[in-house]
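Heads up: the structure comes next, in structure tokens.
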Number of protein chains: 2
Amino acid sequence: MSRILRIAGAQMGPNQRAESRAAILARMISLLEQAAAQGAKLVVFPELAFTTFFPRWPMDRDSPELLACFETAMPNPQVQPLFDRAKALGVGFYVGYAELTPDGQRFNSAVTVGPDGTILFKYRKIHLPGSDRVKEGQRYQQLEKMYFQYGDMGFPAARGPAEWGAPVLGMLICNDRRWPEGWRVLGLQGAELVMVGYNSAAYDPNGGEGESAELRTFHSTLAAQANAYMNATWAVTVAKAGVEDGAGLIGGSCIVDPNGIVVAQAKTLGDEVILADVDFDACRQGKEKMFNFAAHRRPQWYGPITGQVGATPPA
Amino acid sequence: MSRILRIAGAQMGPNQRAESRAAILARMISLLEQAAAQGAKLVVFPELAFTTFFPRWPMDRDSPELLACFETAMPNPQVQPLFDRAKALGVGFYVGYAELTPDGQRFNSAVTVGPDGTILFKYRKIHLPGSDRVKEGQRYQQLEKMYFQYGDMGFPAARGPAEWGAPVLGMLICNDRRWPEGWRVLGLQGAELVMVGYNSAAYDPNGGEGESAELRTFHSTLAAQANAYMNATWAVTVAKAGVEDGAGLIGGSCIVDPNGIVVAQAKTLGDEVILADVDFDACRQGKEKMFNFAAHRRPQWYGPITGQVGATPPA
């Protein structure tokens, strides 16, 4: 049985704060259709794809503008046209969104949807960056730790449908991709494809010193490459890019093979589809030899990874 | 206080099986002197630097040839000239060697020696690759799991001397560099420099299909870059390179900064010194912001990393 699946990354240009949800959804459906027209069976969208990256703005917890950024069900009438179009095209997708649960919990979440329109699995972001309070005197904030709770589902993997070759799928969100722990927990479930949406600053929007957009894009790509290699998995990382609400976001969306080689990468900071034919069986050599975990891992010496949070340097 | 230290990687060309220990040591002393003449205060040598990579050859456990590959003390008369020359030059070094303990245990080890000639700390390789038995019908073997016991000291870090800026130092050996767990345990001790010696095959010496030398060198460099970045540490990885006993070894020795950028890399497959001025304070930004472990790690979700050895895919 062939286990080759054509996968697309649907990089999005910026979603401005004032933009309507309907206009953003129309762009996403257009990207989906472009990918499907080129034969893609699975399309990866960014983190918080339906809105601007609203954690940059301080808002009251119960303000209508903030609440409008959250989805109270998935799908729901606002996003249903995307689900409907994907099902009609027989295409699955990963999409990131802000989740508000019936009991009032808030998460930075993602779902993967199968070609039949049903949700295969959900993930709630664990590595929330940013601050849990507003920093006074700063125009732009990074309030993920204030707006969201830490993910409470671990790093789940799920088996994709038979028509995709039944690959083991994992999801991460944005900052998670810089943390080898999340990748490894997925690798320990045999992940063959890790999907990651992100919104990553291209520079300090408040005008402070900081790394160049080029260096930040390099970091994003490097993390995907090495963690794909070290877990013998494919990876698809997809940006929301460009200048959003006056703040720059890197692009650099890419598809990486189990050798850590970038096989496709976005060239723009706007809406752009990247594509690759992903052979899940290309993961086998790594999983059976160099990264045969059962043969080579030595967890008795990894204790500090689970036993402590912060660093404790020697005296 | 300046915390900038000039560090050298002393890549070595091959040590042939028939070569004398004295001839190999003379080459190492020459590399040390070249590095010191260019101002280096710390020189990193490869794994198993004093001999050929003998795990490629099946030998009886108690054969004189195998026993001659092991050091029964460190230092010892055979290696004393290296220690003496380094002390006279005021240069420290990392060196890999085969260790035979007084009670008969055997490890693939490394020590870091201070500028005063004393051993700062020792490490015993944890991620042993290869086989624990001879594979019949193969000319070349990889018998690390037969010749060595697994390291039993964890991943220790140590504080370097004040004249180096008191950096937190860590060591890994060869295959360890592909395993993010070892890097993370060092990162959790605040590592500012991770030193790694290696002997890595450039191709299958038995003529089977396999990855190109170019891809293997890319993997080696990628692992160093990403793990340095994700732990906000410098890394120096140093090869024994070239055609040794008829089997090819990659080069690609490199010095990587805490951004994951290669600042120096060997161009040959022979004896070659690479150099960089390593500013340990360049680790601070990463350790305090993006990779502020205390602020961002979520060990409650990392359980499988220590809780299981092999991968267990979903049904």
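Worth pointing out:
- Evaluation of A:C174 against (1) touching a residue at least 40 places away in the same chain (Cβ under 8 Å); (2) within 14 Å of another protein chain (Cβ to nearest Cβ); (3) farther than 17 Å from A:K240 by Cβ (one fails), failing number: (3)
- Count of residues meeting criterion [buried (at least 23 other Cβ atoms within 10 Å of the Cβ), more than 11 Å from chain B (Cβ to nearest Cβ) and assigned to a loop (DSSP other than H, G, I, E, B)] in the stretch A:226-247: 1
- Taken over the stretch A:265-293, the criterion of being surrounded by 17 or more Cβ atoms within 10 Å (Cβ to Cβ) and part of a strand (DSSP E or B) is satisfied by A:Q265, A:E272, A:V273, A:I274, A:L275, A:A276, A:V278, A:D279.
- The set of residues from the stretch A:294-303 being surrounded by fewer than 21 Cβ atoms within 10 Å (Cβ to Cβ) and either within 14 Å of A:E181 (Cβ to Cβ) or out of contact with any Gly (no Cβ under 6 Å at 6 or more places or on another chain) (or both) comprises A:A295, A:H296, A:R298, A:P299, A:Q300, A:G303.
- For the stretch A:19-30, the criterion of being touching a Ser or Thr at 6+ places or on another chain (Cβ under 9 Å) and not aliphatic (A, V, I, L, M) is met by at least one residue.
- Check on B:F218, within 11 Å of chain A (Cβ to nearest Cβ), without any contact (Cβ under 8 Å) to a residue 40 or more places away in the chain and closer than 25 Å to A:P313 by Cα: no
- Boolean, B:A223 is under 18 Å from A:T221 (Cα atoms) and in a loop (DSSP other than H, G, I, E, B): no
- Single match in B:G190, B:G197 (criterion: small (G, A, S), within 9 Å of chain A (Cβ to nearest Cβ) and buried (at least 18 other Cβ atoms within 10 Å of the Cβ)): B:G190
- Scanning the stretch A:55-104 for residues being among the polar types (S, T, N, Q), in contact with a strand residue (DSSP E or B) (Cβ under 8 Å, 6 or more places away or on another chain) and over 30 Å from A:L5 (Cβ atoms) gives a total of 2.
- Residue match in the stretch A:38-51 (condition: of a type in the set (D, E), within 18 Å of the chain's Cα centre (by Cα) and under 21 Å from A:S200 (Cβ atoms)): yes
- Single unsatisfied condition, B:K267 versus (1) touching a helix residue (DSSP H, G or I) at 6+ places or on another chain (Cβ under 9 Å); (2) more than 14 Å from chain A (Cβ to nearest Cβ); (3) not β-branched (V, I, T): (1)
- Picking from residues in the stretch A:52-75 that are in contact (Cβ under 8 Å) with a residue 40 or more places away in the chain and outside any loop (DSSP other than H, G, I, E, B), the one that is farthest from the chain's Cα centre (by Cα) is A:L66.
- Residues that are of a type in the set (G, A, S), closer than 22 Å to B:V91 by Cβ and surrounded by fewer than 17 Cβ atoms within 10 Å (Cβ to Cβ), drawn from the stretch B:4-62: B:A22, B:A23, B:A26, B:S30, B:A37, B:G39
- Residue in the stretch A:137-154 that is free of Cβ contacts under 8 Å to residues at least 24 places away in the same chain and more than 25 Å from A:A228 (Cβ to Cβ) present: yes
- Selection status of B:I250, within 9 Å of chain A (Cβ to nearest Cβ) and either β-branched (V, I, T) or buried (at least 22 other Cβ atoms within 10 Å of the Cβ) (or both): no
- All conditions but one from (1) within 14 Å of chain B (Cβ to nearest Cβ); (2) surrounded by fewer than 18 Cβ atoms within 10 Å (Cβ to Cβ) apply to A:K125; the one that does not is (2).
- Selection from the stretch A:189-202 of residues that are under 20 Å from A:D257 (Cβ atoms), assigned to a loop (DSSP other than H, G, I, E, B) and not polar (S, T, N, Q): A:G190, A:A191, A:E192
- Residue within the stretch B:287-306 that is basic (K, R), in contact (Cβ under 8 Å) with a residue 24 or more places away in the chain and within 12 Å of another protein chain (Cβ to nearest Cβ) present: yes
- Those strands (runs of 3 or more DSSP E) lying entirely in the stretch A:113-175 with at least 1 residues under 24 Å from A:C69 (Cβ atoms): A:119-124, A:168-173
- Some residue of the stretch B:275-285 being in contact (Cβ under 8 Å) with a residue 12 or more places away in the chain, within 30 Å of A:R124 (Cα to Cα) and facing chain A (nearest Cβ under 8 Å): no
All of the numbers you see were taken from the coordinates with simple rules; none came from a lab. Just so you know, these numbers come straight off a predicted model, no measurement behind them. Please note: Cβ atoms are built from the backbone with ideal geometry, for glycine as well, and neighbour counts cover all protein chains shown.
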